[in-house]
Amino acid sequence: FHDSSVIPDGAEISSYLFRDTPKRYFFVVEEDNTPLAVTVTPCDAPLEWKLSVQELPEEASGEGSEPLEQQKQQITNEEGTELFSYKGNDVEYFVSSSSPSGLYQLDLLSTEKDTHFKVYATTTPESDQPYPELPYDPRIDVTSLGRTTVTLAWKPSPTASLLKQPIQYCIVMNKEHNFKSLCAVEAKLSSDDAFMMAPKPGLDFSPFDFAHFGFHSDNNSGKERGFLKSSSKFGRQTSSKPRADLHKVCIGNKNIFTVSDLKPDTQYYFDMFAVNTNTNMSTAYVGTFARTKEEAKQKTVELKDGKVTDVFIKRKGAKFLRFAPVSSHQKATFSVHSCLDAVQIQVRRDGKLLLSQNVEGVRQFQLRGKAKAKYLIRLKGSKKGASVLKILATTRPNKQSFPSLPEDTRIKAFDKLRTCSSVTVAWLGTQERNKFCIYKREVDDNYNEEQKKREQNQCLGPDTRKKSEKVLCKYFHSQNIQKAVTTETIRGLQPGKSYLLDVYVIGHGGQSVKYQSKLVKTRKFC
């Protein structure tokens, strides 16, 4: 770990934070109008950090300048001008093409637990480019799915294909969630019971915190706090061996890879990182998840009354589901939420075809019931690509898991109300009171409809978004369907920039549906 409070120019440092103990780093920019980039990578816990600047003392310039340590001590108690702050567990960065000279200070704090992190600062961001660049489509595609194998493919990093720098790709697989940085993966892989802190008397604690404690096992920073002896009670719960459900493999510069020895009918999360082997610095692609195929004998999925089931169908493939209500019933309701392209649904009751329709977005079908009836549902995927959908079958008429949607799920932008820092949009609601959340994300000027289409997975909810992208959440409805419309002005935007806006409607059961994304642009001159 880096133990100096001075950040070197153009080198990534690793360091650690004890919980609720702030840490401060410094670096000097000697000349005005200097480019500056600072990147902070949280490894296994959310961080709060801020970057500020204060003027250098007069005598600090020129040949006989005092050492940085002395300058730092002179003004370490002064509060500088805050440039940027962030709270969360994303890899976040501050970039400026022209920064003033001064003493820059970076303050970091972890309020959740002891953790480690990485910091990179440079005054030559254009020439450095230590982090591999992502391609225009940074997603991982699932190209083939078997019972025990998943084949992944991705587009190469321009750092490798255009700049000819040595890039290798590392794939990470687990059953819990996607990771935002390779550093977070390594923190979880190397959680070691030698660094389990004994709980302080009287304080609540969770064994989960210990199991995910983020220090690398090959350092001795534990000695600094005298907790080399772990509590024997929790020492047994964790192992210094890599976690059985988390695997990382680096495969050189290939752009396709098959993960094998998986369990059938199991959901796995896959992340891919491009690593610059010269700098050992990495960039995360957009992670994905996939469910391996069922064993041959489990061809039909049983639907439970009132429970949402996730279904993945490969391109041109089909899935069979069975619904056998326990009690007699007058009606059977099937709610389907197709996350990507349209899927075809067919429902047979005791062999008789009752329904055959294409479904886009959210649809609900009510069928007449029959005593001891059994329903066979056939779902056929799209010809364009893999299909992801959610389905709910129930005999209880009030059990509706998905929020109701208007027929038109577009977001309308008012061109005349555009300013240099705000846009005004409107969207339709329904007669049912629902919660709506709106999110914004800045995109490049060359962002187009094709790219927007690739991101139209309606089932990815607000929990997949950065907190910094959230604008607001609100409830609304209207008994008069003609008046079920709401407008919102999104402020604090940059002039002449493009933004992608998303509205999520969240139902009473917690399920969310995304409206069609809207691309807007602020005025350049006002």
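The values are calculated or read from the model by the stated rules, or taken from the named source; none is laboratory data. Remember, it's a predicted structure, so these values are computed and weren't measured experimentally. Glycine gets a Cβ as well: all are built from the backbone with ideal geometry, and neighbour counts include every protein chain shown. All accessible areas refer to the heavy atoms of the entire protein, side chains included, with ligands and DNA or RNA removed. Shrake-Rupley method; radii C 1.70, N 1.55, O 1.52, S 1.80 Å.
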Picked from segment 263-300 (must be open to solvent by 40 Å² or more (accessible area, probe 1.4 Å) and aliphatic (A, V, I, L, M)), the residue farthest from residue 135 (Cα to Cα) is 296
For residue 468, state whether it is open to solvent by 50 Å² or more (accessible area, probe 1.4 Å) and among the hydroxyl-bearing types (Ser, Thr, Tyr). yes
Within the group 155, 188, 164, which residue is of a type in the set (D, E, K, R) and crowded, with 20+ Cβ neighbours inside 10 Å? 188
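Residue by residue, here is whether (1) surrounded by fewer than 17 Cβ atoms within 10 Å (Cβ to Cβ); (2) over 16 Å from residue 30 (Cα atoms) holds:
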residue: 86; (1), (2): no, yes
residue: 95; (1), (2): yes, yes
residue: 101; (1), (2): no, no
residue: 113; (1), (2): no, yes
residue: 127; (1), (2): yes, yes
Of all strands (runs of 3 or more DSSP E) fully inside segment 420-526, the set with 3 or more residues that are of a type in the set (S, T, N, Q), modelled with pLDDT of 90 or more and not assigned by the TED database to the domain that holds residue 46 is 485-490
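Listed here are the residues, each with its yes/no results for (1) free of Cβ contacts under 8 Å to residues at least 60 places away in the same chain; (2) within 23 Å of residue 508 (Cβ to Cβ); (3) polar (S, T, N, Q).
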| position | (1), (2), (3) |
| --- | --- |
| 388 | no, yes, no |
| 392 | no, yes, no |
| 403 | no, yes, no |
| 406 | no, yes, no |
| 413 | no, no, no |
| 417 | no, no, no |
| 422 | no, no, yes |
| 427 | no, yes, no |
Residue 20 is checked against (1) buried (at least 18 other Cβ atoms within 10 Å of the Cβ); (2) in a loop (DSSP other than H, G, I, E, B); (3) at pLDDT 90 or above and fails just one. What number does that condition carry? (1)
Residue pairs, Cβ under 7 Å, 6 or more apart or interchain, first in segment 117-145 and assigned by the TED database to the domain that holds residue 291 and of a type in the set (Gly, Ala, Ser), second open to solvent by less than 30 Å² (accessible area, probe 1.4 Å) and not in a loop (DSSP other than H, G, I, E, B). List them. 144/151
Name every residue in segment 303-313 that is over 15 Å from residue 267 (Cβ atoms) and buried (at least 18 other Cβ atoms within 10 Å of the Cβ), in order of residue number. 303
